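This report concerns only the one structure given below.
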Amino acid sequence: MIPEHIAIIMDGNGRWAKKKSLPRIFGHRQGIKTVKKIVKSASRLGIKVLTLYAFSTENWERPKTEIEALFSLLSQFVEKELKELASEGVKLRILGDLSKFPQNLKTKIISACKATQKNSDLELNIALNYGARQEIVRAIEEIVKQNIKKPTEEIISSFLYTAGQPDPDLLIRTSGEFRVSNFLLWQIAYSEIYITNKLWPDFTSQDLEIAISEFQKRERRFGGI
Ligand code: IPE
Ligand code: IPE
Ligand code: MG
């Protein structure tokens with residue numbers, strides 16, 4: 001079975017650049033190229049939802065220059081690459097709090113989301129200023145506001161950024177770190193986890209296929225026997 005939803009912690013851009021004695025931003029630039037390739041492959045492989053972790057609520061700790069460079073790359077991606085991907089049936093959704101982002105970037109992102117709403121081949125979630133704990137707090141705030149006295153799992157899920165989407169079947173992390181770094185804590189309750197030492201800029205479509213075939217070998221029990 002092909003996983004319906006794949007989530008990826010795209011890590012290792014900085015290390016990729018360091019290995020080549022280049023500034024970190026070169027790693028991010030190469031990382032965006034990988035994003036484009038992997039989105040196309042996911043679509044070709046029949047994946048329904050692809051979630052990419054692009055900027056965490058903790059990434060504000062980074063130097064201002066790196067954050068600005070990341071935003072500028074993101075802005076270029078939304079403007080140029082996304083147009084092409086949109087014409088190939090990609091539907092964009094943002095997971096995270098956009099309110100802290102520069103106004104022009106916010107406008108670009110929101111209009112890209114609107115422009116792709118009718119697409120249905122691949123749902124592309126980009127997690128931006130995303131933190132799973134923040135997402136859960138936000139859901140609870142909304143539940144309290146709506147005076148819901150008996151929240152169920154379904155109700156809680158319906159207030160998350162991923163509302164209406166299936167939970168990830170497979171969680172991939174590149175660059176060999178064994179942690180989830182505040183990503184989709186609620187949604188990955190039963191995801192299969194695949195960690196590769198490949199740095200994100202070096203991650204290829206073939207690596208994605210390897211991760212999927214690894215996933216296909218796993219026996220998912222969901223607590224049963
Ligand atoms: C992942 O690469 C991209 C973002 C977090 C934006 P890193 O920038 O974390 O790269 P490393 O972990 O320092 O190698
Ligand atoms: C996780 O990578 C966040 C993204 C990929 C956007 P980090 O590099 O920020 O995570 P840590 O710091 O290694 O946990
Ligand atoms: Mg990292």
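Descriptive notes on the structure:
- Considered as a group, the residues in the range 175-218 that are among the small types (Gly, Ala, Ser) and away from ligand 1 (no atom under 16 Å from the Cβ) include one that is nearest to the chain's Cα centre (by Cα), and that residue is Ser191.
- In the set (1) hydrophobic (A, V, I, L, M, F, W, C); (2) surrounded by 13 or more Cβ atoms within 10 Å (Cβ to Cβ); (3) not in a helix (DSSP H, G or I), Ala211 fails one condition alone, (3).
Residues checked against (1) away from ligand 2 (no atom under 14 Å from the Cβ); (2) buried (at least 18 other Cβ atoms within 10 Å of the Cβ); (3) touching a residue at least 24 places away in the same chain (Cβ under 8 Å):
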residue	(1), (2), (3)
Val39	yes, yes, yes
Ile47	yes, yes, yes
Phe55	no, yes, yes
Leu70	no, yes, yes
Glu81	yes, no, yes
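- Any hit, the range 157-174, residues being over 15 Å from the mean Cα position of the chain (by Cα), within 23 Å of Lys217 (Cα to Cα) and within 16 Å of ligand 1 (Cβ to nearest atom): no
- Residues of the range 169-193 that turn out to be away from ligand 2 (no atom under 15 Å from the Cβ) and not in a loop (DSSP other than H, G, I, E, B), as a count: 2
We did not get these values from a lab; they are worked out from the coordinates using the rules stated. On a predicted model such as this, the values are computed, not experimentally measured, just so you know. Note that we place each Cβ from the backbone using ideal geometry, even for glycine, and neighbour counts take in every protein chain shown.
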